[in-house]
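The structure under discussion appears below in the form of structure tokens.
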């Protein structure tokens, strides 16, 4: 491609500016601010359009803003160029956004508008590289513009693609992109989960659900088992319950039967008791009768005055006194008699005055004394004294007769005193006699022998009522007892008459009702538990019969997902394998072209540095290592000038491989700025020699305008 | 009056149709239930004396409650008909299997894992269930009916070839005195006779995989002593088909589709389509499938592409190198599906797809 002419209608500082190029070397000289960069940017914009403005860009970065016409309006211009023997006119108008861009391409000969891909992507079509490639190859800026491996590394791709029999459409990067995207779509998409991951997640979810479902189904199954079991159990229990109830009825009946037997015995006892009672009643009746007759007997006492006993006792007492008095009277009478006798006696005694006895005794004593005094001892003559005395005394008159006369006198007095008392006593005695008669009358009336008897009878009469009432009570009690016994007996007889017993009673095992009851309660409790369990099981069944997915369904889903996952996994593996194989193939290609590039760069380096650097190695990311005097150095450590030279060689090498003879044109934007004159000269010469197309060299140094000589060089002053 | 028997087996309710899509699997499971329902309808229609289910009523021990309730309902619909069920290897009568623990109704008898004998006025029926998923003992060994003069029926799951599933021999049949041997396990309908004994496999009533293609259903039999007439009654909701299509000379989807339509007669059926021959173009299965309006299609592409790999692989280009590598991988292992796919995927990617 050869640039012929640019017409800037409006772009940055330029307005209606025209620039013509020669097909060979064009040197554009302009001081700073003359607009070299603007022309470069214009070319870039014409072929590649401008990127959209972005907030984050500074004005310098934001080309769309930066090159907006100073006078306002849209950016616009025209480029005339020829390509493969055909001439074209490219017009472009650019507004504030890429959308406002209008491009037209004309066949310069026919003025026919071209509307195919040439118009859509003129840069890529005519220059053979994209914008990135353009900047890395065709456009060599003063500031080194180091080639870096970028995401859309066109160059290396282009290099490799060009190796494929010229089939530029087969793009390694594109292929890798497609495969990577396919891979990612399976594993992950933009941070989100890819198909396989999603399926796996889904599967995990399903597995959890399956676990749940299996648990629920287990519960369901267990509930069914339980229900069946409990139903069976309940049936059995009901049977046992029925048996027990029957048993209990039997036991009850037997108990009644037993009671009846007891009743019969009781009846007998009652009869016996009744007989006894009747006997007692008889006795009681007799006793009552006796008491009654006794009471009748004593009825005469009712006529006896209540004071009778007292009267009687008083009479008695008086009688005792009377008797004493009577006794006293008799004693007095005796006394009176004695006194009269004594008076008579005393009257006799008054005449007998010698005491013969004494005289006799005294004679006796005198005789004893005369005898004893002559016979025995003279001492006995002393007895003559008492005897003589006694004889004297025996003839003295007695005192006794005087006393008798005195006593007669007192006795006669006494007698006179007693006589009226005796008369009183006789009156009392008479009264006594009357009293005695009266008492005897009372006793006679009371059929009593004595007062004691009367008292006894009276007391008998007093107790007979009590006795009678007790007898009546006793009698009534016995009768009542008999009545009660008869009542009970009647009742028992009635019950006995009514009672009928089944033969089953014979089968009664003898088990106690309490025992049966206990068992019954037990069974009932068990039935309750059974029913509770049944309800529980049924509740479980009902609660589970809802519409969750069954394990079978979930298993199906999991199986399907597994299958799908497998398929996707296979697809993934295959894609991965394809990718690996593509990459490997690319490596093969690259390893094939890398030495070629190295060779080209090496030649360029040797030439440009006058053999100072003997070898250059290029790594994947375009960093360079150079060998000088056997030492290998990273190009980054070299001086700016040397670095530029090296990169120029790399550029040239790449250009050589990339475009071969088809390099559209080359723009050098003060590329030799850092080089010393000599090196600049060498570089210029080298480029001139190697280059077979158009060269546009921008410089702001007048001394560099003649780097390429003057011959066939179009020098343009801006 | 002959004894009227409806005999089915291998319904495999709640089958995991993992080869289908979720939706299709769901529908197929419902199809299974519906077909079981139609079997009970057949019982009513024929006014049958009994329904025999010779095992594998359920696909596994895990039965959905929905299905259980459906079965209960359908069996209660024919509560006047005796139903005899034996368990097969898929639903063996284990202590916790539904066939063991559920009460399916007064009319339903599930045989135990030893031969049971039920005497009826018109016939004697024997039956035995699988107690486990494998039964190595032959149930019929030494078996003889008790009343040889009556119609004797035996219900069981069994196999004439595999000793893992109650091996049955024709000799056993001949000596047993059984008139009608109601079998299950083999999913293809088959009638085997040995002396007076007629063994019948009704087959599964619905195909469950592409190895079970064609007409499926149950058996209706009329039995009189000494005469057994068994008729196959198609009942399946959908049939499965396997079709092989040679795509050689078919240059676009249209041409393939129109050729396919010659084979696809029933839209509600399931089809396994194998594309073979030489593909004139890169056939995308999804595109082809999209153009087919049938219940379910499984496409297998066994075509060989019409590309001269060898020639292309000789070029020293990305494409050439890639093909060479892929072919080398495939050569290592003929069955390396991944490498084959990788070649296809890689070529598509290189082509910008």
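Quick one: would you say residue B:142 is assigned to a loop (DSSP other than H, G, I, E, B), at positive phi, more than 14 Å from chain A (Cβ to nearest Cβ) and surrounded by fewer than 24 Cβ atoms within 10 Å (Cβ to Cβ)?
Against the criterion (assigned to a loop (DSSP other than H, G, I, E, B), at positive phi, more than 14 Å from chain A (Cβ to nearest Cβ) and surrounded by fewer than 24 Cβ atoms within 10 Å (Cβ to Cβ)), residue B:142 qualifies.
Modelled with pLDDT under 95, in a helix (DSSP H, G or I) and more than 20 Å from residue B:143 (Cα to Cα): does that describe residue B:94?
No, not satisfied.
Looking only at the range A:576-587, how many residues end up being touching a residue at least 60 places away in the same chain (Cβ under 8 Å), at the interface with chain B (Cβ under 7 Å from one of its Cβ atoms) and under 10 Å from residue B:342 (Cβ atoms)?
Number of matching residues: 2.
Going by the conditions given, is residue A:208 modelled with pLDDT of 85 or more, surrounded by fewer than 18 Cβ atoms within 10 Å (Cβ to Cβ) and within 13 Å of chain B (Cβ to nearest Cβ)?
no
Restricting attention to the range B:267-297, and to residues there that are assigned to a strand (DSSP E or B) and touching a residue at least 60 places away in the same chain (Cβ under 8 Å), which single residue is surrounded by the most Cβ atoms within 10 Å (Cβ to Cβ)?
Among them, the one singled out is B:270.
Here are the criteria: (1) in contact with a helix residue (DSSP H, G or I) (Cβ under 9 Å, 6 or more places away or on another chain); (2) closer than 19 Å to residue A:129 by Cα; (3) at pLDDT below 75. Tell me which single one residue A:662 does not satisfy.
So residue A:662 meets the others, but not (1).
Suppose we filter the range A:563-575 for residues that are facing another protein chain (nearest Cβ under 8 Å) and crowded, with 16+ Cβ neighbours inside 10 Å; how many remain?
4
Kindly provide the set of residues from the range A:500-520 that are surrounded by 13 or more Cβ atoms within 10 Å (Cβ to Cβ) and assigned to a loop (DSSP other than H, G, I, E, B), ordered by number.
Across the range A:500-520, the qualifying residues are A:508, A:511.
Could you list, in sequence order, all residues of the range B:246-263 that are surrounded by 14 or more Cβ atoms within 10 Å (Cβ to Cβ) and within 11 Å of residue B:292 (Cβ to Cβ)?
Within the range B:246-263, B:253, B:256, B:257, B:260 qualify.
Can you go through A:673, A:691, A:718 and tell me which one is surrounded by fewer than 21 Cβ atoms within 10 Å (Cβ to Cβ), modelled with pLDDT under 80 and more than 22 Å from residue A:609 (Cα to Cα)?
Selected residue: A:718, the only one of A:673, A:691, A:718 that is surrounded by fewer than 21 Cβ atoms within 10 Å (Cβ to Cβ), modelled with pLDDT under 80 and more than 22 Å from residue A:609 (Cα to Cα).
Check whether at least one residue in the range B:77-87 is part of a loop (DSSP other than H, G, I, E, B), more than 14 Å from chain A (Cβ to nearest Cβ) and in contact (Cβ under 8 Å) with a residue 40 or more places away in the chain, and report yes or no.
Among the residues of the range B:77-87, at least one is part of a loop (DSSP other than H, G, I, E, B), more than 14 Å from chain A (Cβ to nearest Cβ) and in contact (Cβ under 8 Å) with a residue 40 or more places away in the chain, which makes the answer yes.
If I ask for residues that are over 16 Å from the mean Cα position of the chain (by Cα) and in contact (Cβ under 8 Å) with a residue 40 or more places away in the chain, which ones from the range B:25-38 would you list?
B:38
Residue B:293 versus (1) within 34 Å of the chain's Cα centre (by Cα); (2) more than 24 Å from residue A:183 (Cα to Cα); (3) within 12 Å of chain A (Cβ to nearest Cβ): which is the lone unmet condition?
Only one criterion is unmet by residue B:293, namely (3).
Assuming residue A:648 fulfils every condition listed in (1) surrounded by 17 or more Cβ atoms within 10 Å (Cβ to Cβ); (2) more than 21 Å from residue A:127 (Cα to Cα) apart from one, which condition is it?
(2)
Give the residue that is surrounded by the most Cβ atoms within 10 Å (Cβ to Cβ), with candidates limited to residues of the range B:21-42 that are facing another protein chain (nearest Cβ under 9 Å) and either touching a helix residue (DSSP H, G or I) at 6+ places or on another chain (Cβ under 6 Å) or at pLDDT 95 or above (or both).
B:25
Taking residue A:524 as the residue in question, decide whether it is assigned to a helix (DSSP H, G or I) and out of contact with any helix residue (DSSP H, G or I) (no Cβ under 8 Å at 6 or more places or on another chain).
no
So, in the range A:527-562, of the ones that are within 14 Å of chain B (Cβ to nearest Cβ), loosely packed, with under 14 Cβ neighbours inside 10 Å and in contact with a helix residue (DSSP H, G or I) (Cβ under 8 Å, 6 or more places away or on another chain), which residue ends up modelled with the highest pLDDT?
A:547
Anything in the range B:1-20 that is closer than 18 Å to residue B:84 by Cα and within 9 Å of chain A (Cβ to nearest Cβ)? List them, or say none.
B:13
Condition check: part of a helix (DSSP H, G or I) and within 11 Å of chain A (Cβ to nearest Cβ). Does residue B:310 satisfy that?
So residue B:310 does not fit the description; no.
Among the residues that make up the range A:81-95, is at least one of them more than 19 Å from residue A:111 (Cα to Cα), touching a helix residue (DSSP H, G or I) at 6+ places or on another chain (Cβ under 7 Å) and in contact (Cβ under 8 Å) with a residue 12 or more places away in the chain?
Yes, the range A:81-95 contains a residue that is more than 19 Å from residue A:111 (Cα to Cα), touching a helix residue (DSSP H, G or I) at 6+ places or on another chain (Cβ under 7 Å) and in contact (Cβ under 8 Å) with a residue 12 or more places away in the chain.
Can you confirm whether the range A:623-637 contains a residue that is crowded, with 22+ Cβ neighbours inside 10 Å, in contact (Cβ under 8 Å) with a residue 24 or more places away in the chain and under 27 Å from residue A:124 (Cβ atoms)?
no
As an exercise: evaluate residue B:62 against (1) touching a strand residue (DSSP E or B) at 6+ places or on another chain (Cβ under 8 Å); (2) within 14 Å of chain A (Cβ to nearest Cβ); (3) part of a loop (DSSP other than H, G, I, E, B) and give the number of the one condition it does not meet.
(1)
I'm checking my understanding of the structure. Among residues of the range B:319-353 that are more than 7 Å from chain A (Cβ to nearest Cβ) and surrounded by 23 or more Cβ atoms within 10 Å (Cβ to Cβ), which one is farthest from the chain's Cα centre (by Cα)?
B:323
Applying the selection to the range B:101-137, what residues are surrounded by fewer than 22 Cβ atoms within 10 Å (Cβ to Cβ), within 14 Å of chain A (Cβ to nearest Cβ) and not in a loop (DSSP other than H, G, I, E, B)?
Result: B:101, single match.
Yes/no per residue for (1) free of Cβ contacts under 8 Å to residues at least 24 places away in the same chain; (2) within 14 Å of another protein chain (Cβ to nearest Cβ); (3) touching a helix residue (DSSP H, G or I) at 6+ places or on another chain (Cβ under 7 Å):
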{"site": "A:197", "(1), (2), (3)": "yes, no, yes"}
{"site": "A:214", "(1), (2), (3)": "no, yes, yes"}
{"site": "A:224", "(1), (2), (3)": "no, yes, yes"}
{"site": "A:228", "(1), (2), (3)": "yes, yes, yes"}
{"site": "A:247", "(1), (2), (3)": "no, no, yes"}
{"site": "A:253", "(1), (2), (3)": "no, no, yes"}
{"site": "A:267", "(1), (2), (3)": "no, no, yes"}
{"site": "A:275", "(1), (2), (3)": "yes, no, no"}
{"site": "A:280", "(1), (2), (3)": "no, no, yes"}
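Which residue, of A:239, A:247, A:227, is surrounded by fewer than 16 Cβ atoms within 10 Å (Cβ to Cβ), assigned to a helix (DSSP H, G or I) and at pLDDT 80 or above?
A:239
The values are calculated or read from the model by the stated rules, or taken from the named source; none is laboratory data. Since we're looking at a predicted model, the values are computed, not measured. Glycine gets a Cβ as well: all are built from the backbone with ideal geometry, and neighbour counts include every protein chain shown.
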